[in-house]
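Structure first, then comments.
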Amino acid sequence: MERKIFQLGDIVQMKKQHPCGSNEMEIIRMGMDIRIKCVGCQHSVLIPRVKFEKNMKKVLRSTLPPETSLGTLD
Ligand SMILES: [Zn+2]
């Protein structure tokens, strides 16, 4: 199975939609657990990373391009 890449601030699409009708979530905290916020109703939930990866369908929008060179300051 494909490894999902996501990061803080990303808008992701979940497999199951939220009761409010939206299935877009924003990642607002990363760690052992992931805190996501519903784009539709602003409700936030904390879920274990494994569960998040299983329930997440795809990343819709990413705030930062992945693997960007962090910029070496001279
Ligand atoms: Zn919602």
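Please pick out the residue among VAL59, VAL45, VAL50 that is out of contact with any Phe, Trp or Tyr (no Cβ under 8 Å at 6 or more places or on another chain) and surrounded by 12 or more Cβ atoms within 10 Å (Cβ to Cβ).
Testing whether each residue is out of contact with any Phe, Trp or Tyr (no Cβ under 8 Å at 6 or more places or on another chain) and surrounded by 12 or more Cβ atoms within 10 Å (Cβ to Cβ) leaves just VAL45.
Looking only at the stretch 17-42, which residues are over 12 Å from the mean Cα position of the chain (by Cα) and either surrounded by 13 or more Cβ atoms within 10 Å (Cβ to Cβ) or more than 20 Å from ILE5 (Cα to Cα) (or both)?
Within the stretch 17-42, GLN17, HIS18, PRO19, CYS20, GLY21, SER22, GLY40, CYS41, GLN42 qualify.
Each row is one residue, and each column tells you yes or no for (1) in contact (Cβ under 8 Å) with a residue 24 or more places away in the chain; (2) in contact with a strand residue (DSSP E or B) (Cβ under 9 Å, 6 or more places away or on another chain); (3) more than 9 Å from the ligand (Cβ to nearest atom); (4) farther than 13 Å from ARG61 by Cβ.
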{"site": "PHE6", "(1), (2), (3), (4)": "yes, yes, yes, no"}
{"site": "GLU26", "(1), (2), (3), (4)": "no, yes, yes, no"}
{"site": "GLY31", "(1), (2), (3), (4)": "no, no, yes, yes"}
{"site": "ILE36", "(1), (2), (3), (4)": "yes, yes, yes, yes"}
{"site": "VAL39", "(1), (2), (3), (4)": "yes, yes, no, no"}
{"site": "GLN42", "(1), (2), (3), (4)": "no, no, no, yes"}
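Residue-wise test of (1) modelled with pLDDT of 95 or more; (2) not basic (Lys, Arg).
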site: LYS4; (1), (2): no, no
site: CYS20; (1), (2): yes, yes
site: ARG29; (1), (2): yes, no
site: SER44; (1), (2): yes, yes
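The values are calculated or read from the model by the stated rules, or taken from the named source; none is laboratory data. No experiment lies behind these values; they were computed from the predicted model shown. Every residue, glycine among them, receives a Cβ derived from its backbone with ideal geometry; neighbour counts consider all protein chains shown.
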